[in-house]
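Scroll down for the structure; my scribbles are underneath it.
The values are calculated or read from the model by the stated rules, or taken from the named source; none is laboratory data. The structure presented is a predicted model; accordingly, all values stated were derived computationally and were not measured. Using ideal geometry, Cβ is built from the backbone for each residue, glycine included, and neighbour counts are taken over all protein chains shown. Just so you know, the surface numbers come from the protein's heavy atoms only, side chains and all, with ligands and any DNA or RNA stripped out. Shrake-Rupley method; radii C 1.70, N 1.55, O 1.52, S 1.80 Å.
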Amino acid sequence: MVEPLQLQAAAWALTTALELALFVQLLRHKVGRNYPLFLAYLVSAILQSVAVAALDQIQILDKTTAWLLPWLTQGVVVVMRALALVELTRRVLSRYIGIWALARRLFLGVAAAVIAYDLVLSKGQWEWLILNGVRGLELAMAAVIVTMLLFARFYRVPVNQLQRALAVGFCLYSAFYVVNFSVFERIFQQSTVLWNFLGIFAFIASLVVWITAANRYVPSEEFGAPPAMPAELYGKLSSEVNTRLLLLNRQLIQLLHVQDRSQ
């Protein structure tokens, strides 16, 4: 019978192998040129895997340090993932100056809310400061992704296959992390190994989604074809939706006092 720790180690090894495979695909298909922050996030995740594996071999660390260092590396990875998400959102929305200006302000507001949430719930305990901070960022990222995808669908903002896959992968892991952490917080001592394994499994699913999309990515094809429907009907719907989107963008430009550089 396979021990839980052995199963977790095997899952970590598979995760690292998939991370390296994704890194190769990103370089091979030149994805990093358009998504450098996502590439940087992946590098940070790979380095974290190496660091955690190295820490597991160090027997001289006290219990507190052995717990703190992996969580600090996790905090760095989460911040890099948040930056990669901002990059993804910018690529989807930046053609609309007013909408992107509003999105930037929302990002700052979310960051401030997460910090406040973290400080209130942690009650001065540094270990929970890290845990709640990571959970808050993951929750915020999941909410941002869902909002962006719903907005893009309603206004028919072009989202290519890679962008959609990145969003789905981010949302899959972040949403699962928040749910899993909420359970983990209640039964902290009893579920550590299981919680870690389920988190790794969710990340593996995200990596598979990203590898598949990166393998099909063509830099020159930034936007995919329109949905299949009669040309006249699609043209009419696109015209109506685009008009509403442009009006919204113009109103936000005036409201937020930003300059439309496209003019």
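Tabulated results
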quantity: The stretch 157-171 - residue that is assigned to a helix (DSSP H, G or I) and surrounded by fewer than 19 Cβ atoms within 10 Å (Cβ to Cβ) and, of those, farthest from the chain's Cα centre (by Cα); calculated: Gln161
quantity: In the stretch 6-56, residue most open to solvent (accessible area, probe 1.4 Å) [restricted to those that are in a helix (DSSP H, G or I) and of a type in the set (Lys, Arg)]; calculated: Arg33
quantity: Residue among Leu150, Leu108 that alone is open to solvent by 60 Å² or more (accessible area, probe 1.4 Å) and modelled with pLDDT under 80; calculated: Leu108
quantity: Condition met for Arg91 (farther than 19 Å from Ile46 by Cα, open to solvent by less than 70 Å² (accessible area, probe 1.4 Å) and either of a type in the set (Ser, Thr, Tyr) or at pLDDT 80 or above (or both)); calculated: yes
quantity: Pairs with Cβ under 8 Å, 6+ apart, first in the stretch 29-55 and touching a residue at least 24 places away in the same chain (Cβ under 8 Å) and more than 15 Å from Gln74 (Cβ to Cβ), second in a helix (DSSP H, G or I) and among the β-branched types (Val, Ile, Thr); calculated: Leu37/Val86; Phe38/Val31
quantity: Options Phe181, Phe197: the member that is at pLDDT below 80 and open to solvent by less than 10 Å² (accessible area, probe 1.4 Å); calculated: Phe181
quantity: Per-region count, the stretch 57-81, residues at pLDDT 90 or above and open to solvent by 20 Å² or more (accessible area, probe 1.4 Å); calculated: 1
